[in-house]
């Protein structure tokens with residue numbers, strides 16, 4: 001049984017779970033992008049689906065939320081280097097097995113997303129985005145790698161604040 005204390009423990013653990021996360025996320029990310037490039041073909045094409053998400057093919061030459069100005073190849077390769085550097089650091093931390101399980105899995109999700117988007121920039125010169133949640137008022141189009149990074153950040157925040165919350169609850173109950 002998995003408990004919060006087992007997820008937050010720092011004892012030695014198997015490397016299998018973070019590698020499984022990276023492998024599954026990268027596979028799903030790259031397969032979904034390959035499918036949307038084949039199925040929709042033309043940038044800007046949209047498949048309207050029932051429910052809150054449509055599929056729209058977009059090539060993103062900037063980074064998340066368009067925060068980095070697009071300067072051609074400088075932007076492309078600068079973001080590739082940044083993504084791969086972040087992924088390398090996170091993988092090195094995972095390999096050292098010095099963090100709690102929840103933190104390790106969070107790092108794996110972030111690394112997988114960074115690698116997935118870096119692969120797109122290397123292969124296509126831009127990140128392939130496809131999930132369009134504009135029906136919900138969300139104006140950005142995103143992909144599996146982006147979702148993976150968000151999940152990883154959420155897990156890292158949980159790993160950071162859960163022990164503090166448990167400590168506060170324990171002190172409050174005393």
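Bear in mind these aren't lab numbers, they're just calculated from the coordinates by the rules spelled out. In this text, all values refer to a predicted model and were calculated from it rather than measured experimentally. Glycine also receives a Cβ, built like all others from the backbone with ideal geometry; neighbour counts cover every protein chain displayed.
Summary table
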item	result
Quotient of C-alpha Rg and 2.2 N^0.38 Å, computed over region 15-163	1.07
Solvent-free Debye scattering, log10 I(q)/I(0), computed from the Cα coordinates of region 71-130 at q = 0.14, 0.15, 0.24, 0.25 Å⁻¹	-0.42, -0.47, -0.88, -0.92
Full-extension gain in nm, residue 20 to residue 82, via 0.36 nm per residue minus C-alpha separation	20.0 nm
Sequence of 135, 42 once ranked by neighbouring C-beta atoms within 10 Å, starting from the fewest	42, 135
